[in-house]
Amino acid sequence: MDIILETWSAFCLLAVMPFTAGWMELLIKFIPFVLFLELPVYLFILLGVVRYALRQDAAVREERTFFPRVSCLITCYGEGNDVRRTILSLAEQRYSGPIEIIALIDGAVDNRDTHQAALTMQPVVSRLGNRSLMVVPKWQRGGRVSSLNLGLHLAKGSIVMALDGDTSFDNDMVRHATRHFEDPHVVGVAGCLRVRNWRVNLITRLQAIEYLLSIQLSRVGLSEFNTVNNISGAFGVFRRSFIDKIGGWDTGTAEDLDLTLRIKNYFGRHPHLRIVFEPHAIGHTDVPATWRGFFKQRQRWDGDLYYLYIRKHPLSFSPALLGWRNLILQVWTGLFFQVVMPFIILFYSLALFFLYPPALVMAIWFLVYLFYLLISIMLFAAHVALVSDRPAEDLRLAWLLPLLPHFTFFQRIGSALATMREITCRSHLDSSMAPWWVLRKSKF
């Protein structure tokens, strides 16, 4: 009880410090500077979101005449019957153009259930007009990249979609995603992912909020300024001719961010090129339903960021390649936010214990928590009001917003640990996305 009273007393002193000692003393002594490096990014995103909302209100609906042939490359490994749902959701699209579905079964010897499940969908798809299904078994496992490149070789469409075998889609997804390619300068479209199993437990609900803010809201804002940071591997749409020109997907892990960076390497020389985020092209995916599964997934994701930014693409951080706008955003939101800032937060948190008494430490943490909570509420409100296509459903997650700053904090600590693992152990070579004999053939 005494520590609570001392903490409250310390917090009250911090709260009145701007009026007694001035704002600068409070900021210099007690507030981590990274908070104020984050603020401009959030404001930039919100500016883009407002611009998007105003543009949507002013848009005039025109009759569609552009229906290119679409090739959907479904990478499958261990999905079992879930792949049936994915195939059916693509076959039943409300889209007048032809859709070619190519299910690539990686390691089909060990994944016979997935292979058989995909084969059972052939008569279903054949009964639908303008739809086709090709099931391609890769008997020896080669990894996701080899599946995508094989699919690219077999595809006949001018628009290629790279999709996960356990992701299903709204029936207007193809229509919303392909409309952007009527602009010849658009080379890629990032699809919008929502969490399908959000009702399972607390960890899935927290990930659902994270997806709404970090994928849907953030990329809407970034897209308005042509600075989309990543085209998700589970749901990416590309102009076939451009992907052919850059040589398809490259070996290694984190192939989605790798391809995005390789595409953006042309932006400095060809500033008219664009990557667009389409919030109404909706895919639904399952996220880890246990804390252990979540931690394991994020260790792989966060370690891959260091591998890509530092080991594989250090020369990409050039205005001649990315252009100034994408260079600044890639360094700020990618390299700094994802690789550097977790260490700053970790060391800042540890330093507090050595510099201040426990009550003051807890008061500082509470002050920082309120700051992040306010930002989370502001971003969530903007998402529901200006972006969401399911506002009533999303509002059912609002009660979890007070937990989001804690969730984010522990993610950043985990990110620092993942980066350390990659620095010391090259953990990307242990990725489950491809067998070791494939990963180790990469020069990185």
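When you check THR114 against the structure, is it crowded, with 21+ Cβ neighbours inside 10 Å and out of contact with any helix residue (DSSP H, G or I) (no Cβ under 8 Å at 6 or more places or on another chain), yes or no?
Values: crowded, with 21+ Cβ neighbours inside 10 Å: yes; out of contact with any helix residue (DSSP H, G or I) (no Cβ under 8 Å at 6 or more places or on another chain): no.
Against the criterion (crowded, with 21+ Cβ neighbours inside 10 Å and out of contact with any helix residue (DSSP H, G or I) (no Cβ under 8 Å at 6 or more places or on another chain)), THR114 does not qualify.
Going through MET433, MET420 one at a time, which residue ends up being closer than 17 Å to LEU308 by Cβ, at pLDDT below 95 and assigned to a loop (DSSP other than H, G, I, E, B)?
Values: MET420 fails: assigned to a loop (DSSP other than H, G, I, E, B).
None of the others qualify; the one that does is MET433.
Before we move on, is VAL109 in a loop (DSSP other than H, G, I, E, B), out of contact with any helix residue (DSSP H, G or I) (no Cβ under 6 Å at 6 or more places or on another chain) and either surrounded by fewer than 19 Cβ atoms within 10 Å (Cβ to Cβ) or in contact (Cβ under 8 Å) with a residue 40 or more places away in the chain (or both)?
Details: in a loop (DSSP other than H, G, I, E, B): yes; out of contact with any helix residue (DSSP H, G or I) (no Cβ under 6 Å at 6 or more places or on another chain): yes; either surrounded by fewer than 19 Cβ atoms within 10 Å (Cβ to Cβ) or in contact (Cβ under 8 Å) with a residue 40 or more places away in the chain (or both): yes.
Considered against the rule, which asks whether it is in a loop (DSSP other than H, G, I, E, B), out of contact with any helix residue (DSSP H, G or I) (no Cβ under 6 Å at 6 or more places or on another chain) and either surrounded by fewer than 19 Cβ atoms within 10 Å (Cβ to Cβ) or in contact (Cβ under 8 Å) with a residue 40 or more places away in the chain (or both), VAL109 comes out as yes.
Within the stretch 321-333, is there a residue that is among the polar types (S, T, N, Q), in contact with a helix residue (DSSP H, G or I) (Cβ under 6 Å, 6 or more places away or on another chain) and over 19 Å from ALA190 (Cα atoms)?
no
If VAL384 meets every condition in (1) without any contact (Cβ under 8 Å) to a residue 40 or more places away in the chain; (2) more than 23 Å from ASN229 (Cα to Cα); (3) touching a helix residue (DSSP H, G or I) at 6+ places or on another chain (Cβ under 6 Å) apart from one, which number is that one?
So the condition that VAL384 fails would be (2).
Looking at the stretch 337-348, is at least one residue farther than 21 Å from THR227 by Cα and without any contact (Cβ under 8 Å) to a residue 60 or more places away in the chain?
yes
With (1) closer than 19 Å to TYR211 by Cα; (2) at pLDDT 95 or above as the list, and ALA254 as the residue in question, which single condition is left unmet?
Here ALA254 meets the rest and fails (2).
Just wondering, is there one or more residues in the stretch 29-52 that are exposed (fewer than 12 other Cβ atoms within 10 Å of the Cβ) and at pLDDT below 85?
yes
Pull out all pairs, ordered by first then second residue, where Cβ-Cβ is under 6 Å, the residues are six or more apart or on different chains, the first lies in the stretch 112-127 and is over 18 Å from ARG141 (Cα atoms), and the second is assigned to a helix (DSSP H, G or I) and among the small types (Gly, Ala, Ser).
If the second residue must be assigned to a helix (DSSP H, G or I) and among the small types (Gly, Ala, Ser), the pairs left are VAL125/ALA91.
All but one of (1) within 14 Å of the chain's Cα centre (by Cα); (2) surrounded by 22 or more Cβ atoms within 10 Å (Cβ to Cβ) hold for GLY188; state the number of the condition that does not hold.
Of (1) within 14 Å of the chain's Cα centre (by Cα); (2) surrounded by 22 or more Cβ atoms within 10 Å (Cβ to Cβ), only one is false for GLY188: (1).
Hey, any hits in the stretch 312-325 for a residue that's buried (at least 19 other Cβ atoms within 10 Å of the Cβ) and over 30 Å from ASP250 (Cβ atoms)?
No: zero hits.
From the list ARG141, ARG196, which residue is of a type in the set (Lys, Arg) and under 22 Å from the mean Cα position of the chain (by Cα)? Outline the logic, then answer.
Working: ARG141 fails: under 22 Å from the mean Cα position of the chain (by Cα).
Within the list ARG141, ARG196, the selection yields ARG196.
What number goes with the only condition from (1) more than 24 Å from PRO435 (Cβ to Cβ); (2) in contact with a Ser or Thr (Cβ under 9 Å, 6 or more places away or on another chain); (3) at pLDDT below 95; (4) not in a helix (DSSP H, G or I) that VAL276 does not pass?
(3)
For the subset of the stretch 181-201 comprising residues that are in contact with a His (Cβ under 6 Å, 6 or more places away or on another chain) and part of a loop (DSSP other than H, G, I, E, B), which member is farthest from ILE159 (Cα to Cα)? Quick ask: steps written out before the conclusion?
The initial filter retains those residues of the stretch 181-201 that are in contact with a His (Cβ under 6 Å, 6 or more places away or on another chain), namely 185-186, 189, 194, 196.
In the following step, the residues that additionally are part of a loop (DSSP other than H, G, I, E, B) were identified as 185, 196.
Working: HIS185: 14, ARG196: 26 Å.
So the residue we want is ARG196.
Is one or more of the residues making up the stretch 377-390 over 17 Å from ILE45 (Cβ atoms) and either among the small types (Gly, Ala, Ser) or within 20 Å of the chain's Cα centre (by Cα) (or both)? Quick ask: steps written out before the conclusion?
Initial filter on the stretch 377-390 (over 17 Å from ILE45 (Cβ atoms)): 389-390.
Then keep just the ones that are either among the small types (Gly, Ala, Ser) or within 20 Å of the chain's Cα centre (by Cα) (or both); that gives 389-390.
Checked against the condition, which is being over 17 Å from ILE45 (Cβ atoms) and either among the small types (Gly, Ala, Ser) or within 20 Å of the chain's Cα centre (by Cα) (or both), the stretch 377-390 yields at least one hit.
The values are calculated or read from the model by the stated rules, or taken from the named source; none is laboratory data. As the structure is a prediction and not an experimental result, all values here were calculated from the model. Quick reminder, even Gly has a Cβ in these numbers, built from the backbone with ideal geometry, and neighbours come from all protein chains shown.
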